[in-house]
1. Which one is most open to solvent (accessible area, probe 1.4 Å), of the residues in the stretch 108-127 that are assigned to a loop (DSSP other than H, G, I, E, B) and touching a strand residue (DSSP E or B) at 6+ places or on another chain (Cβ under 6 Å)?
2. Residues that are modelled with pLDDT under 95 and either of a type in the set (Asp, Glu) or touching a His at 6+ places or on another chain (Cβ under 6 Å) (or both): which helices (runs of 4 or more DSSP H) entirely in the stretch 297-386 hold 1 or more of them?
3. Only one of 285, 262, 292, 273 is open to solvent by less than 10 Å² (accessible area, probe 1.4 Å) and in contact (Cβ under 8 Å) with a residue 60 or more places away in the chain; which?
4. Spot the failing condition for residue 85; the list is (1) modelled with pLDDT of 95 or more; (2) buried (at least 23 other Cβ atoms within 10 Å of the Cβ), and only one is missed.
5. Among the numbered criteria (1) surrounded by fewer than 15 Cβ atoms within 10 Å (Cβ to Cβ); (2) within 31 Å of the chain's Cα centre (by Cα); (3) not in a loop (DSSP other than H, G, I, E, B), which single criterion is violated by residue 463?
6. Could you look through the stretch 406-436, keep only residues that are open to solvent by 70 Å² or more (accessible area, probe 1.4 Å) and out of contact with any strand residue (DSSP E or B) (no Cβ under 8 Å at 6 or more places or on another chain), and pick out the one that is farthest from residue 467 (Cα to Cα)?
7. Give 72, 60 a once-over and let me know the one that is of a type in the set (A, V, I, L, M), at pLDDT 90 or above and touching a Ser or Thr at 6+ places or on another chain (Cβ under 8 Å).
8. For the stretch 11-46, how many residues are open to solvent by less than 70 Å² (accessible area, probe 1.4 Å) and within 43 Å of the chain's Cα centre (by Cα)?
Amino acid sequence: MPSELLAGRPEQIVSVLLNRGLKIDHSRLTDVVDYIASQYPQHRIVSTATTGWIDAELFITPLECIGNGDAIFQSESSTDGDYGRGGSLDGWRQSIGAVLPGNQLLQLGIGTALAGPLLAPLGIHAGGGFHLLWDSSNGKTTIVQCAASTWGHGAHFTLKWNATANGLEGIAALRNDCLLALDELGQADPRYVGDVVYSVADGIGKQRAGRSSAARRVRRWRVMLLSSGEVTLETKMAEAGKRTRAGQEVRLVTVSAGRAFGAWDNLHDYASGAALSDALKKASGTHYGHAGPEFVRALIESGDVEKLPAMLEAIRAHFPTTAGQAARVAERFAIVALALELAVGMGLLPMATGEGTASMVELYEDWQAGRNEGPSEDQQILRAIVDFIDRHASRFQSVKADAAETRDRAGFWEELPSGERLYLFTRGGLEEATNGFDLSRVVRALDSVGAIAKKEPGKQQHRKRLPDGRNLRLYWINPARLEPQH
């Protein structure tokens, strides 16, 4: 207990002790506090309100200390984060582990759950994760619950996205160095979901003031995030008129969950994808809470913690060479692959060596192929301009002398000899079309695909003499260059 409790009401201390089984005459309850205050213990242990690594040889959960050292978990929260244990590790291996071979998405889920404890030893201070996207009832929620079963009850350890931002911060602190499993992205608040993704992945809560107006200590954590839903983060944020940024996309990577049999590639003698999903959901609530702690225990006992960065580099070499945002995503898939390979070597997962790495490389390549060429933020900008032209073509006025005045004008259009049109955006029109993006960022995206048809030396605009005599600088955009070039 914090020493500051001794300065408060005795009931704060005694009520906890009574709840834990203390039996004492009611008239002498205050003597208990006096007795505690008079003691001078010589042995000291670490008290922590977050799970995860205490040092290189000690890892703590609300249920146990793993490794070497003394620590106690004491959280201000009334919940233990739903960590729990049921059934047996062998039962988990024979049910959930047995169907891992040939099922890439299940490998991604289990690998993500086991990757959390690797972040700190790898020197990675922020987390991130994956979002499984597909129609309802295809098995993606089952994968999330199977991943959750590595640390607790599959259904209880999995939360809904409709939790408040503050609530998710608190849970993230209780899942430090572990897994944050979230289901049904469609239930999230579209106004704040983008900020939540940043906060959870970056591992830092909001600065808040206490009752005395002094700043409270900011909560920090490192978690791997596994999500599922029928909508993307981009679609969800669009409900509130917001755009996703590339930083959000790389923090929560969307992975298509549509496979041969729902979310499955290999049914392992089950009659259907639905039958396999039902069996795995039942198993995630029967055998749970063993694989994660055992993975950490074996990692500490192996003495390989300091070798993890070199191991990650070796696995990263299997992924295509990339830079920028794609490199960050490749690294996250590589961390999952490392977790899978380590767990296979420990005998935790009944898979062939190398299968986990091959699966993660393939999922990464599928993700990259779905982004088109170029930075994803560029694609969002170009698509926004295409959509704006499609929706608001009537707001562009012809540059011809006899053209009718256009209401709420966003720019002009000029016809080329080929019959195609160039759209001459005003500054305000282009800013409206790409709301949420800095104009200089928009111009870079346009220039990268050659969509700016005319520009003056040293500028991205070109002057146009209009019928009314004005000579305006406009952005000359060729819409044919905005679509992905194949």
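1. Filtering the stretch 108-127 for residues assigned to a loop (DSSP other than H, G, I, E, B) gives 119-127.
Now drop any that are not touching a strand residue (DSSP E or B) at 6+ places or on another chain (Cβ under 6 Å), which leaves 120, 127.
Working: 120: 36, 127: 13 Å².
Only one residue fits best here, namely 120.
2. On the way: elements: 308-316, 324-345, 355-369.
Of the helices (runs of 4 or more DSSP H) lying wholly inside the stretch 297-386, those with at least 1 residues that are modelled with pLDDT under 95 and either of a type in the set (Asp, Glu) or touching a His at 6+ places or on another chain (Cβ under 6 Å) (or both) span 355-369.
3. When all the criteria are applied, what remains is 292.
4. (2)
5. (2)
6. Among those residues, the one meeting the criterion is 435.
7. The conditions single out 60.
8. Summing the residues that are open to solvent by less than 70 Å² (accessible area, probe 1.4 Å) and within 43 Å of the chain's Cα centre (by Cα) in the stretch 11-46 gives 6.
The values are calculated or read from the model by the stated rules, or taken from the named source; none is laboratory data. These numbers were taken from a predicted model, which means no experiment stands behind them. Here Cβ is always computed from backbone atoms with ideal geometry, including for glycine, and neighbour counts include all displayed protein chains. Areas reflect the complete protein model, heavy atoms only, side chains present, ligands, DNA and RNA absent. Shrake-Rupley method; radii C 1.70, N 1.55, O 1.52, S 1.80 Å.
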